[in-house]
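Read the figures in this text as sums done on the coordinates, not as results from a lab. These figures come from a predicted structure and were not determined experimentally. Reconstructed Cβ throughout: ideal geometry from the backbone, glycine too, with neighbour counts over all protein chains shown.
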Amino acid sequence: MGAARHAGWGALMSDQAASRLVDAGARASLWLQPHRIGLIVVGIVLVVCAAMFMRWDWLPDYYGLALQGIWRTLWILVVTCALGFLLAVPIGLVQVTGPRWLSWPAYWFCTVVRGTPLLLQLWFLYYGLGSLFPQFPWVRESFLWPYLRQAWPYAVLSLTISYAAYEGEVMRGAFAGVARGQLEAARAFGMSRWKVFRRIWLPQATYRALPTLAGETVLQLKATPLVATITVVDIYAVASRVRQSTFIVYEPLLLLAVVYLCITGILVYAFRKLEARIPTRLG
Amino acid sequence: MGNGLIEALIHLAQASVFDLLALSPPGWGGNLLRGLTNSVLIAVGAYGIGIAIGIGGAFGKLYGGPVLRDLLELYTTIVRAVPELVLILLLYFAGTDLINRLLEALGYQRIDINGLVAGICVLGIVQGAYSTEVIRGAILSIPQGQIEAARAFGMSPALMLRRITLPAMLPFAIPGMANLWLIATKDTALLAIVGFNELTQETRTAASTTKAYFTFFLAAGALYLLITLFSNVIIARIEKWARRGMPAGAH
């Protein structure tokens, strides 16, 4: 790799960087219209008023617990989305190409899970299954029992099932939407069915599903506070605890809303970055 | 292993499912159906308020002044980013508190806000944010010529809204609005957490009293599923009706 080529590449990069800077400047001046400055001032005044006239003295006491709660919320979100997506791929795929005895259960799985409230599913698993397990001695003796006595496995299970069902429906559409010619071309190149799936079908379907995936992930984040109803201490549960022990109502809830806004913002930003990396002009 | 299973089955059989779900008082079926009625009422009310806010919000976003537009953007962004549960608590506490303070300032007695009304309003505000986006998108999908033609005929904005914009956006809005209806029916379950007696809360009460968790949660799940499946049938008909006169396959 020659030094000259390197230098040329560097110059190109700095050109790009400069034009990007100009773009950003132009966008900022478009965005920052006079009325927006007024709105921002109003917003800052509101925030300052909230900081000065509302009660925040509870914050130092619950600081550690709140961070732990945020961590647990994020952890549940990431684990359930990852597991849910892994389940959603086969659920979507069998509905497009699978035999009837696979596609039919997958279809009804999606319909039933999407047709009932998540809160009900969560309580069904936690109270229903949870009350059934202790009746079987072999469950109590198994290595899983220490986990089955806790709440979080039920939370993870029900959120995973819910994400898998909603995302399975999305993946079904995405798999069906990949142009047939692409798959036929891949087959004509002598790729095995598995290779076609791995190299062509799955990537293109995922690209198609990505915008919806972002929305579903935000919805999943918004579903996480439900786990507080089965005694998992996420950030929402921390806020409720503050409310119950200090009788301060608005401040913890407002802070909670801000925390969720921030997490949503980060999620949306991350997915937008991911989407920007997708090669365009598909199919 | 076998013993436990048989014991559990006997346990289930003893408290016979049909006794538990009987409609008259020793059974809990009546309570479940009352909860179902409440859930449907809340869903219908919240959906109605949501549509009203949605139409207003969409027009504000499309044709309003810059400040109104930004405020609406703020509203839809915040409501769609913060969990419904948090919004319900915030609006429920803040709403009842504000109304009571207002009443006291005006020299009236404090009142207890009816849970049904509070639930409907709170879910309505949440629904409004989503339907604003759906209706805005639908209005944008109307072929521009139709609106220009209406203007050229000298229609006033109100007449244009009634005769052209609303009917023409309907086929574009219906998939999204149908989805919102299904979300509304399921979001009513969240009011169980504020202690309102809708289907999920009634189910939990029944289940924890009789210890027949499985039976009751399955029954409630079946009821919710019935609402969804029934809605799907109706939605399919409405969609067919709204698409009349559109070329087949056009979206």
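A few points about this structure:
- Förster-model FRET efficiency, 22 Å R0, A:R277 and A:T212, C-beta, rounded to 0.05: 0.80
- Per residue, the convex hull volume that the Cα atoms of chain B enclose (Å³): 194
- Shielding score for B:211-218, defined as the mean number of other chain Cβ atoms within 10 Å: 5
- Net length gained if the chain between B:R237 and B:I111 were fully extended (0.36 nm per residue, minus Cα distance): 41.0 nm
- Gyration tensor analysis over the Cα atoms of region B:174-251 returns equivalent ellipsoid semi-axes of 36, 13, 7 Å (largest first, whole Å).
- DSSP H segments from chain A that extend 27 Å or more along their own axis, Cα-based, with Kyte-Doolittle mean of 1.6 or above: A:34-53
- Per-pair calculated FRET efficiency, R0 = 60 Å: A:A18 and B:T209 via Cβ, rounded to 0.05: 0.25
- The order of B:F230, A:F143, A:F136, going from fewest to most other C-beta atoms within 10 Å of their C-beta, is A:F143, B:F230, A:F136.
- Helix B:2-14 and the longest principal axis of the C-alpha atoms of chain B enclose an angle of approximately 70°.
- Pairwise Cα inverse-distance average, inverted: Kirkwood Rh of region B:95-224 (Å): 18.6
- Rounded to the nearest 10 degrees, the inclination of helix B:199-210 to the longest alpha-carbon principal axis of chain B is 10 degrees.
- Environment charge at B:I99 (Cβ cut-off 15 Å; Lys +1, Arg +1, Asp -1, Glu -1): -1
- Charge context of A:R187, other residues only, Cβ under 14 angstrom, K/R +1, D/E -1: +4
- If you wrap the Cα atoms of region A:28-141 in a convex hull and average its projected area over all directions, you get 15.5 nm².
- Per residue of peptide A:132-145, the mean number of Cβ atoms on other chains within 10 Å of the residue Cβ is 2.
- Taking other C-beta atoms within 10 Å as the exposure proxy, A:Y166, A:Y147, A:Y260, B:Y92 rank A:Y147, B:Y92, A:Y166, A:Y260 from fewest upward.
- The calculated P(r) of the protein assembly as shown, using every Cα pair and 10 Å bins from 0, goes 3, 13, 23, 26, 19, 10, 4, 1, 0 in percent.
- Euclidean distance of C-alpha centroids, region A:177-240 and region B:155-227, integer Å: 26
- Taking a straight line from the alpha carbon of B:K240, not one of the aspartates and glutamates sits under 13 Å away once near neighbours fewer than eight places off in the same chain are left out.
- Average projected area [Cα convex hull, region A:185-245], square nanometres: 6.1
- Helix B:115-141 axis versus longest C-alpha principal axis of chain B: approximately 40°, rounded to the nearest ten.
- Taken over the C-alpha atoms, region A:59-213 has Rg and Dmax values of 19.7, 66 angstrom.
- At q = 0.12, 0.14, 0.24 Å⁻¹ the log10 of I(q)/I(0) for region A:153-224 amounts to -0.42, -0.53, -0.99, computed by Debye summation with a single uniform scatterer per C-alpha, solvent ignored.
- P(r) tail for chain A: Cα pairs beyond 25 Å make up 65% of the total.
- Amide N of region A:211-248 lying under 20 Å from the label point, which is placed 7 angstrom from the Cα of A:L67 along Cα→Cβ: A:233-242
- Mean ellipticity per residue at 222 nm, deg cm²/dmol - from DSSP H runs of n ≥ 4 across chain A, formula -39500 (n - 2.57): -26000 deg cm²/dmol
- Full-extension gain in nm, A:Y269 to A:T97, via 0.36 nm per residue minus C-alpha separation: 58.5 nm
- Averaging 1/r over every pair of different alpha carbons in region A:178-281 and inverting the result gives a Kirkwood radius of 17.1 Å.
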